[in-house]
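A short worksheet on the structure shown next.
The values are calculated or read from the model by the stated rules, or taken from the named source; none is laboratory data. Remember, it's a predicted structure, so these values are computed and weren't measured experimentally. Note that we place each Cβ from the backbone using ideal geometry, even for glycine, and neighbour counts take in every protein chain shown. Areas reflect the complete protein model, heavy atoms only, side chains present, ligands, DNA and RNA absent. Shrake-Rupley method; radii C 1.70, N 1.55, O 1.52, S 1.80 Å.
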Amino acid sequence: MKVLLTGAAGFIGAALALRLLERGDEVVGIDNLDPYYDVALKQARLDRTRAFPRFRDVRADVTDCAAVAEIFARERPEAVVNLAAQAGVRYSLENPHAYVDTNLAGFVNVLEGCRRHRVAHLVYASSSSVYGANRTLPFSERHNVDHPLSLYAASKKANEMMAHCYSHLFGLPATGLRFFTVYGPWGRPDMALFLFTRNILEGRPIDVFNHGRHHRDFTYVDDIVEGVVRVLDRPAAPDGDWHGESPDPATSAAPHRIYNIGNGECVALERYIEVLEACLGRKAERNLLPLQPGDVPDTLADVGDLARDIGYRPNTPVEVGVRRFVDWYKAFYGVC
């Protein structure tokens, strides 16, 4: 099918584009190559997808209402995956307007395109950050997510509500996916694994927040992509058992659904660093720091609904995923 993919030069977007192209789909990839991090890395990701004749590389910004409308009118995609977003919890404290522009205004433009051109299924990225102040593990789609701790988290919660409105008002099948700490080859330079690897190889200390007492549900990028593809092939449908007197936050009387995509394992940050040290053959000097504003101590995904409805559970252990990242990093940057 023809899939319109926003954020096609991003970490997850580029990996998803390759997966869709390899199975024979046509992909229209939109990206504005925002300089939030190294544009050369984004270009290198795109170089892989540009090798496929069924990939069209469109330079556009989702915040440009007219441009997005023109792309939808010209391409008439059957399905849409929205991964374009201003990412990062910490950066949202420095530049909140970037999150409002891309994650809110940009998402409205995508929703309008889907509505007006009767897209069969919209899949969009949410985040484990929406669980905010919740401390009940594992995080379930049925938990309350009304207490976000960062503007980034609030923007992702808003995306879920916005998509539900369009599902209810216009019958748009839409599925939101709450990603849990994605890592792997071709990753983002602002994320912990990338920063740790670079600093360790350069002999510099690594910043370890919350004094190392974090636990994370680290999810390998290929597992995320497999989950997105499987969800994409199964458009959201109304839940016949849903009732407003006891509303289920994960489902709806409208064709809207929310799923966690995580590895379902809570790994200590110290263990993550130990695995990285073993892969690099070097020890890290740790700069222990307090918990950062907007961050949460622990995350863990309940993926029972994903397993039941979609028949899929991510399962790549960190020992495998971190090794693959290190191998990629050394090859890409020419490190011995």
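Restricting attention to segment 13-57, the residues that are touching a helix residue (DSSP H, G or I) at 6+ places or on another chain (Cβ under 6 Å) and among the β-branched types (Val, Ile, Thr) add up to 3.
Going residue by residue through segment 193-205, is there one that turns out to be touching a Phe, Trp or Tyr at 6+ places or on another chain (Cβ under 9 Å) and surrounded by fewer than 16 Cβ atoms within 10 Å (Cβ to Cβ)? It would help to see each step written out before you state the result.
Let us first name the residues in segment 193-205 that are touching a Phe, Trp or Tyr at 6+ places or on another chain (Cβ under 9 Å), namely 193-194, 196-198, 201.
From the residues that got through so far, the ones that are surrounded by fewer than 16 Cβ atoms within 10 Å (Cβ to Cβ) too are 198.
Among the residues of segment 193-205, at least one is touching a Phe, Trp or Tyr at 6+ places or on another chain (Cβ under 9 Å) and surrounded by fewer than 16 Cβ atoms within 10 Å (Cβ to Cβ), which makes the answer yes.
Which one of these is at pLDDT 95 or above, surrounded by fewer than 16 Cβ atoms within 10 Å (Cβ to Cβ) and either touching a Ser or Thr at 6+ places or on another chain (Cβ under 8 Å) or farther than 23 Å from residue 191 by Cβ (or both): 135, 116?
Numbers: 135 fails: at pLDDT 95 or above.
Just one listed residue meets the conditions, 116.
Restricting attention to segment 177-208 and to residues that are acidic (Asp, Glu) and not in a strand (DSSP E or B), the residue that is nearest to residue 160 (Cα to Cα) turns out to be 190.
Find the residue count for segment 245-257, including only residues that are of a type outside the set (Val, Ile, Thr), open to solvent by less than 50 Å² (accessible area, probe 1.4 Å) and in a loop (DSSP other than H, G, I, E, B). Working first, answer last.
If we filter segment 245-257 for residues that are of a type outside the set (Val, Ile, Thr), which is where we start, we get 245-250, 252-257.
Okay, now just the ones that are also open to solvent by less than 50 Å² (accessible area, probe 1.4 Å), so 248, 250, 252, 254-257.
Retained after the next criterion (residues that are in a loop (DSSP other than H, G, I, E, B)): 248, 250, 252, 254-255.
Total meeting the criteria: 5.
Criterion applied to 211, 215 was being touching a strand residue (DSSP E or B) at 6+ places or on another chain (Cβ under 9 Å), closer than 25 Å to residue 320 by Cα and open to solvent by 10 Å² or more (accessible area, probe 1.4 Å), and the one residue passing it is 215.
Whenever a residue of segment 258-274 is surrounded by fewer than 16 Cβ atoms within 10 Å (Cβ to Cβ), its partners that are modelled with pLDDT of 95 or more and not aromatic (Phe, Trp, Tyr), lying with C-beta atoms within less than 6 angstrom and at least six residues away or across chains, give the pairs 268/215.
Give the residue, chosen from 73, 85, that is open to solvent by 20 Å² or more (accessible area, probe 1.4 Å), more than 19 Å from the chain's Cα centre (by Cα) and among the aliphatic types (A, V, I, L, M).
Values: 85 fails: more than 19 Å from the chain's Cα centre (by Cα).
73 is the lone residue from the list that is open to solvent by 20 Å² or more (accessible area, probe 1.4 Å), more than 19 Å from the chain's Cα centre (by Cα) and among the aliphatic types (A, V, I, L, M).
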